[in-house]
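Taking it in order: structure first as structure tokens, then the write-up.
The values are calculated or read from the model by the stated rules, or taken from the named source; none is laboratory data. It should be emphasised that the depicted structure is a prediction, and the values quoted were computed from it without experimental measurement. Note: ideal-geometry Cβ built from the backbone for every residue, glycine included; neighbour counts use all protein chains shown. Ligands, DNA and RNA are stripped out before the accessible areas are found, and what is left, the full protein with its side chains, is counted by its heavy atoms. Shrake-Rupley method; radii C 1.70, N 1.55, O 1.52, S 1.80 Å.
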Amino acid sequence: MEEAALALLAPQFGEVVTKAAQPLFQPIFDLEVPHMAFGRIALLGDAAFVARPHCGMGVTKAASDAMALVKALNTHDSVRDALADYSRERTEAGSAIVQHARHLGAYMQAQLKNDLDREMAERYRTPEAVMRETAVPARF
Ligand SMILES: Cc1cc2nc3c(=O)[nH]c(=O)nc-3n(C[C@H](O)[C@H](O)[C@H](O)COP(=O)(O)OP(=O)(O)OC[C@H]3O[C@@H](n4cnc5c(N)ncnc54)[C@H](O)[C@@H]3O)c2cc1C
């Protein structure tokens, strides 16, 4: 593993691998909920949706949830109505972000099996594609 790290990674990352006392593997899971509010209880950020890291949207998603929650509470007299409204808006956004990350994850750092996979991987490898597809909330 150390040989591969030195051969394949940037020198700085290769050095980190060779200096680690033991390898650490972190499994990555997508998390989705069907609703973000249950009566007077609301879920925000990673408590509701966790997208794989390729889209770089975790912080934007959590902050956007918080802003939407404040707005909903300020525009309804009833907390339950506010949370129901919040849940409708942000559950859709959270699902869209997880789908987007799944799509990116299928091509970035994946085992590429055929020409289509390779073509898509090339498409997402450009700096322009990274700037366009990651950390941007435009369509969410
Ligand atoms: C290694 C790594 C790299 C990442 N890189 C990026 C990135 O580049 N860009 C990006 O947008 N996102 C990134 N993320 C994702 C991002 O960090 C999260 O999506 C974001 O922090 C979620 O915010 P949150 O407020 O929902 O949860 P958190 O930031 O996890 O906050 C939850 C807080 O609740 C506290 N807590 C937990 N249990 C309890 C309890 N019982 N009582 C009281 N407090 C409690 C925790 O200590 C924590 O402070 C990364 C995540 C990881 C792990």
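So how much slack lies between Q22 and H35, counting 0.36 nm per residue of separation and subtracting their Cα-Cα distance, in nm?
On the way: separation 13, 0.36 × 13 = 4.68 nm, distance 3.97 nm.
Extra length from Q22 to H35 when fully extended: 0.7 nm.
Excluding residues fewer than 8 places away in the same chain, name every one of the lysines whose C-alpha is closer than 24 Å to that of K71.
K61
Tally up the carbon and sulfur contribution to the accessible surface of the chain as a whole percent, 1.4 Å probe, everything protein left in place.
59
On a full-extension model of 0.36 nm per residue, what is the gain between E3 and A62, subtracting their alpha-carbon distance, rounded to one decimal in nm? Could you put the intermediate results ahead of the total?
Working: separation 59, 0.36 × 59 = 21.24 nm, distance 3.86 nm.
Taking E3 through A62 to full extension adds about 17.4 nm, to one decimal.
Taking 0.36 nm per residue of separation and subtracting the Cα-Cα distance, what length does fully extending V70 through E119 add?
13.4 nm
If I take all pairs of Cα atoms in the chain, what percentage of them are more than 24 Å from each other?
Of all Cα-Cα pairs in the chain, 48 percent lie more than 24 Å apart.
Provide the per residue accessible area, probe 1.4 Å, for the range 31-133, rounded to a whole number of square angstrom.
Numbers: 6180 Å² over 103 residues.
Spelled out: the 1.4 Å probe surface of the range 31-133, per residue, equals 60 Å².
Would you grab the residues whose amide H sits under 5 Å from the one on G56? Only those 5+ places off in sequence or on another chain, please, with H modelled 1.01 Å from N.
A135
Straight-line reach from K113: which aspartates and glutamates have Cα under 14 Å away, leaving out those fewer than 8 places along the same chain?
E122
If Lys and Arg each add +1 and Asp and Glu each add -1, what is the summed charge of the other residues whose beta carbon sits under 12 Å from the beta carbon of G105?
0
Hey, in the GNM for the chain with a 10 angstrom Cα cutoff, which one of M67, M36, M57 fluctuates hardest?
Among M67, M36, M57, the largest GNM mean-square fluctuation belongs to M67.
Tally Lys and Arg at +1 and Asp and Glu at -1 over the other residues with C-beta under 15 Å from the C-beta of D30: what net charge comes out?
Value of the local net charge: +1.
With every protein chain left in place, what is the accessible area of D81 in Å² (1.4 Å probe, nearest 10)?
90
Given contacts defined as C-alpha pairs under 8 Å and at least six residues apart, what's the relative contact order of the chain, whole-number percent?
Values: 145 pairs, mean separation 33.2, N = 140.
Once divided by the residue count of the chain, the mean separation gives 24 percent.
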